[in-house]
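**Student:** One structure follows; several queries about it will come next.
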Amino acid sequence: MQRRHFLRGAGLAVAALSSGAVAARETERNQSGMPAESANDADLPFAPRAAFAAAPPLAPIRASADRVIAINVCTRPFRAQGPRIGTERIGRRTVVHNYGHGGSGWSLSWGSATLAVHLAQATGEKNIAVIGCGAIGLTSALVAQRAGLRVRIYAKDRLPDVPSSGATGVWSPDSRICTAEHATPGFERHWEAMARTSFRSYQTLLGLADNPVEWRDGYALSDVPFGQGGGHGDDGEPDYPSLESRLLRDLHPRSQPLLPGQHPFAVPHVRRYTQLVFNLGAYSRLLMDDFLRAGGEIETRAFTQLREFAEVREKTIINATGYGARALLGDSSLTPVRGQTAKLIPQPEVTYGISYARQNFNVVPRRDGILVQAQAAGDFGNADTTPDRAASEAAVARLAALFE
Ligand SMILES: Cc1cc2nc3c(=O)[nH]c(=O)nc-3n(C[C@H](O)[C@H](O)[C@H](O)COP(=O)(O)OP(=O)(O)OC[C@H]3O[C@@H](n4cnc5c(N)ncnc54)[C@H](O)[C@@H]3O)c2cc1C
């Protein structure tokens, strides 16, 4: 480890470099939300210029098992064919489905909500119901309010006590969003429109009190040149398409390769990336407050069968029940993909993330704690939400090894 690149002690601010200084190859995010580099270091068009790529001093992460304050497990609501966004007539109700966003629900939420609300508006109803109060339900409700509709949410649980709160909290719009075989040109157009709408919405949430959304630097570490090996092919997961690196290249800065001496990590291959982070605590609170302030109402209610939708007052309903739609609608196309994160005590001075593909962990510097995510073989199709503390402690120990 190159100690001079780590700040000594806590409480020091870390200066972030402009990631636009040195252009490099595209960073793609793989299905766990980690940046997975597509470029091979040997192919770099030019070496980064040291004057502009000097290593910022980084505050060390205090990674130890006794600093883990929460372990969250939830299931991504994955559908091989992508999210279900469409209208169905059920009795006298028009139901607009909006569920099945895999590992991209937060990222795509605003764009997906926009599509769903257009469908709801087509019914001409001015009062609508939204079933579900997670990332998708709440953004659908807010977009509907902004379109001039009155909205009542019905949900058995609401943010923050919903699966959405177990997410890592980064911009990952193509994470487990569909399988490669379903990424048809039509799907891709649809996905791109959703992603671009969402991205624009997120930029309007920057610079607010409590930082619900912010940009952060991160370091992708690898023992082998980027682009060699890795991926989900060997852990029981299907092939997923890389949509972001092809279709959203213009949206945000690309990652930069760093040379030894330009970073503090004792790892042969390192790139610096820039990432949009959702501080889910503050962000969820902001969404809830905005909804209630605009006159929204929330009714606690658990539906056990679809026909109970007929009992809600509103004739147009947006169904945003996430993985809950599997039981409620009998939709067996929804596959659970288990995910677990450990939260370390917040360190405001840690402003960078890390992803280390071969060591299988991903770190996000959230304001409410440092998130350490580790993916495990057997997560695909696994709906078990029992925390595996040993797995999180092992990931934290691998992270700690970087700072020894
Ligand atoms: C470990 C992990 C990390 C992730 N990281 C990211 C990330 O960094 N970025 C990203 O964009 N996405 C991420 N995701 C994916 C994201 O969390 C999901 O796509 C998203 O939370 C889905 O939101 P939702 O509102 O559809 O579902 P939910 O959060 O499950 O909300 C469903 C709502 O419906 C209600 N409901 C369900 N069934 C019923 C019923 N029968 N009756 C009444 N109410 C009902 C629930 O109470 C709840 O209010 C991650 C997922 C996991 C598991």
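Just so it is clear, none of the values below were taken in a lab; they were calculated from the coordinates. Just so we're clear, the structure is a prediction, and the values are computed from it rather than from any experiment. FYI the Cβ positions are ideal-geometry reconstructions off the backbone, even for glycines, and counts take in every protein chain you see.
**Student:** Taking 0.36 nm per residue of separation and subtracting the Cα-Cα distance, what length does fully extending Ala294 through Lys126 add?
**Tutor:** Computed gain between Ala294 and Lys126 is 59.0 nm.
**Student:** What does the highest-first list of 99-109, 356-366, 149-159, 183-193 look like by mean Cβ count within 10 Å?
**Tutor:** Descending mean neighbour count gives 99-109, 356-366, 149-159, 183-193.
**Student:** Once you list every other residue whose beta carbon is under 15 Å from the beta carbon of Thr316, what net charge do they have if Lys and Arg are +1 and Asp and Glu are -1?
**Tutor:** My count for the surroundings of Thr316 gives +4.
**Student:** Just to verify a number: FRET efficiency for Ala376 and Arg313, C-beta to C-beta distance, R0 = 35 Å, to 0.05?
**Tutor:** 0.20
**Student:** Using the beta-carbon distance between Gln305 and Glu404 and R0 = 60 Å, what value does 1/(1 + (r/R0)^6) give for FRET efficiency, to the nearest 0.05?
**Tutor:** Approximately 0.60, to the nearest 0.05.
**Student:** Moving on to the next point. Can you give the FRET efficiency to the nearest 0.05 for Val224 and Ala180, using r as the Cβ-Cβ distance and R₀ = 25 Å?
**Tutor:** For Val224 and Ala180, the calculated efficiency is 0.60.
**Student:** If a paramagnetic tag sat 7 Å from the Cα of Leu208 along the Cα-Cβ line, which residues of segment 97-140 would have the backbone N under 20 Å from that point?
**Tutor:** So the set is 105-115, 117, 133-140.
**Student:** Once each part is reduced to its C-alpha centroid, what is the distance from segment 147-219 to segment 321-364 in angstrom?
**Tutor:** 13
**Student:** If contacts are Cα pairs under 8 angstrom and at least 6 residues apart, what is the relative contact order of segment 337-404 in percent?
**Tutor:** Computed value for segment 337-404: 36 percent relative contact order.
**Student:** What is the extension gain from Trp215 to Arg146, computed as 0.36 nm multiplied by their sequence separation minus the C-alpha to C-alpha distance, in nm to one decimal?
**Tutor:** Extra length available between Trp215 and Arg146 comes to 22.3 nm.
**Student:** Non-local amide H neighbours of Tyr99 (under 5 Å, H modeled in plane, Pro and chain starts lacking H): which ones?
**Tutor:** Under 5 Å from the amide H of Tyr99 lie the amide H atoms of Arg84, each far enough along the sequence or on another chain.
**Student:** If I model segment 272-404 as equal point scatterers sitting on the Cα atoms and use the Debye formula, what is log10 I(q)/I(0) at q = 0.11, 0.17 Å⁻¹?
**Tutor:** Debye curve over Cα of segment 272-404, log10 I(q)/I(0) at q = 0.11, 0.17 Å⁻¹: -0.62, -1.09.
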